[in-house]
1. Identify all residues within region 385-407 that are among the aliphatic types (A, V, I, L, M), in contact with a His (Cβ under 7 Å, 6 or more places away or on another chain) and more than 18 Å from K192 (Cβ to Cβ); write none if there are none.
2. Would you mention how many residues in region 80-101 are in contact with a Leu (Cβ under 7 Å, 6 or more places away or on another chain), among the hydrophobic types (A, V, I, L, M, F, W, C) and outside any helix (DSSP H, G or I)?
3. Within region 13-49, track down each residue that is outside any helix (DSSP H, G or I), within 16 Å of the ligand (Cβ to nearest atom) and among the aliphatic types (A, V, I, L, M).
4. Can you tell me which of V294, V279, V321, V264 is among the aliphatic types (A, V, I, L, M), within 16 Å of the ligand (Cβ to nearest atom) and surrounded by fewer than 23 Cβ atoms within 10 Å (Cβ to Cβ)?
5. A143 fails exactly one of the following numbered conditions: (1) in contact (Cβ under 8 Å) with a residue 60 or more places away in the chain; (2) under 20 Å from the mean Cα position of the chain (by Cα). What is the number of that condition?
6. Examine region 257-268 for a residue that is farther than 24 Å from E362 by Cα and more than 20 Å from the chain's Cα centre (by Cα), and state whether such a residue exists.
7. Select from region 325-338 the residues that are more than 13 Å from the ligand (Cβ to nearest atom) and basic (K, R) and write down the one among them that is surrounded by the fewest Cβ atoms within 10 Å (Cβ to Cβ).
8. Considering only region 386-416, state which residues are open to solvent by 10 Å² or more (accessible area, probe 1.4 Å) and touching a helix residue (DSSP H, G or I) at 6+ places or on another chain (Cβ under 7 Å).
Amino acid sequence: MAKRLKDTLYEKIQDWRPRTERLMKEYGDVVVDTITISQILGGMRGIKSLVSDISYLDPMEGIRYRGYTLPEVFEKLPKAKNSEMPTVESLFYLLLTGDIPNEEQAAEVADEFNKRRILPRYIYEVIDGMPCCSHPMTIFSTAILTMHRESFFTKKYHAGGLHKADYWDPTYEDTLNLLAKLPEVATYIYAKLYRDGKRIQSNPNLDMGGNFAHMMGIPKPYDDVSRMHFIVHADHEAGNVSAHTGHLVASSLSDVYLSISAMVNGLAGPLHGLANQEVLRWLQDLMDSMNGEVPTKEQLSKFVWDTLNSGQVIPGFGHAVLRKTDPRYMLQREFSLKNLADDPLFKVVSMLYDVVPPILREQGKAKNPWPNVDAQSGVIQWHYGVKEYDFYTVLFGIGRSIGICANIIWDRALGYPLERPKSLTTAMLEDMAVGIPVVVED
Ligand code: HAX
């Protein structure tokens, strides 16, 4: 029988700890980066100040999970039954341990999720009790926050006697309990908001992606859409708003319920995860202005310029780190070319891929004119009948929780401390700037 995930993880943690301890003890004074005023005032872009071994984002290549590119992840992970897509459970195993699981190891995660997926009764009541017109992300965050009372970590911590070296253990239990429940929470929010509360009971024989599609009531290949969606959104190294928020909040020893609820709130901003909703809203405005006809390239260019000239961003384009087309966009585009090539909205998205980058270049502001993950994801949802686009970021939130929880478990295992950078005043920056010659590059 294969070793259980938790035992494997414990061994990995034991092996890893001396590396972090050695860096801290023997090399703590090694300079990693220097910081400029424009970085401090410019949203800390590019400052190397976080550690994550779960994923790494190369500006030209895109994201790697545990050293694997996304195409490698999709190729190597065990597939769901009757499907081309890997299971989300196998991705969780990879992110947590760094190993590609075999079928049996992936099945253990699926089994753990199945045992833990039932929602406490009060979660339905909390969702039912939310005021009218609450955004699905607000409801999602609130539901997760409310489950804080379930936290093993918090109970054990307050009971006393929980050794720092063991913090990761109840955090692992909280993580499995939370991740298992997110599809149930999300599909109930969907049922409540858009289907008069008529929810579909989950099927314990299905994997997470399959079960999510089942609870949404959408036939194949939506199960593969869900698997792909959760996997591509799982992690994007540690500095983006959602990942950083999750890490920051967890660093105060808030449990995963508090931390993931907070990260969901960061994801809900239009410059981050909400961009997938914004893309669809913007596309709908475009289609309305075209009376539903697919626009010509000239009409599309004019619409893009009008958006820019009115002081708005083009949603789904640009990135704080990436400097090429997002591989997450490309993976979803390949799926779309195979499965929804004739969809009028997808045709427009394809045209935007040609039209927007030269315009953003001509405008000369965006450092990266290429599409990001959010330019594609909503169109696929729309095609399969999920047309309530303010729900899209909830789907992103399920995926992103997987990576952030894996990071939080490792943060605890490696004993990362409370995060507390230092702030300065503008006057202090001015004082530092005076008398220091400005370096002009050739
Ligand atoms: N449309 C218009 N202008 C854009 C732009 C876009 N898509 N992307 C960047 N710019 C502008 C910025 O607003 C900024 O303008 P100002 O100098 O007037 O402030 C200028 O170009 C320089 O920005 P940048 O350095 O290239 O980009 P940032 O790191 O500051 O911001 C963003 C990165 C993703 C926020 C940005 O590209 C953007 O707003 N994109 C549109 C929204 C979007 O798609 N967000 C999702 C990103 C992926 C993600 O996190 N998903 O969850």
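The values are calculated or read from the model by the stated rules, or taken from the named source; none is laboratory data. Here the structure is a predicted model, which is why all the values come from computation and not from measurement. Counting neighbours? That spans all protein chains shown, and the Cβs are built from the backbone with ideal geometry, glycine included. Areas reflect the complete protein model, heavy atoms only, side chains present, ligands, DNA and RNA absent. Shrake-Rupley method; radii C 1.70, N 1.55, O 1.52, S 1.80 Å.
1. none
2. Result for region 80-101: 1.
3. M44, I47
4. V321
5. (1)
6. There is no residue in region 257-268 that is farther than 24 Å from E362 by Cα and more than 20 Å from the chain's Cα centre (by Cα).
7. Among residues in region 325-338 that are more than 13 Å from the ligand (Cβ to nearest atom) and basic (K, R), the one surrounded by the fewest Cβ atoms within 10 Å (Cβ to Cβ) is K338.
8. Of everything in region 386-416, those that are open to solvent by 10 Å² or more (accessible area, probe 1.4 Å) and touching a helix residue (DSSP H, G or I) at 6+ places or on another chain (Cβ under 7 Å) turn out to be E388, Y389, D390, N407, D411, R412, L414, G415, Y416.
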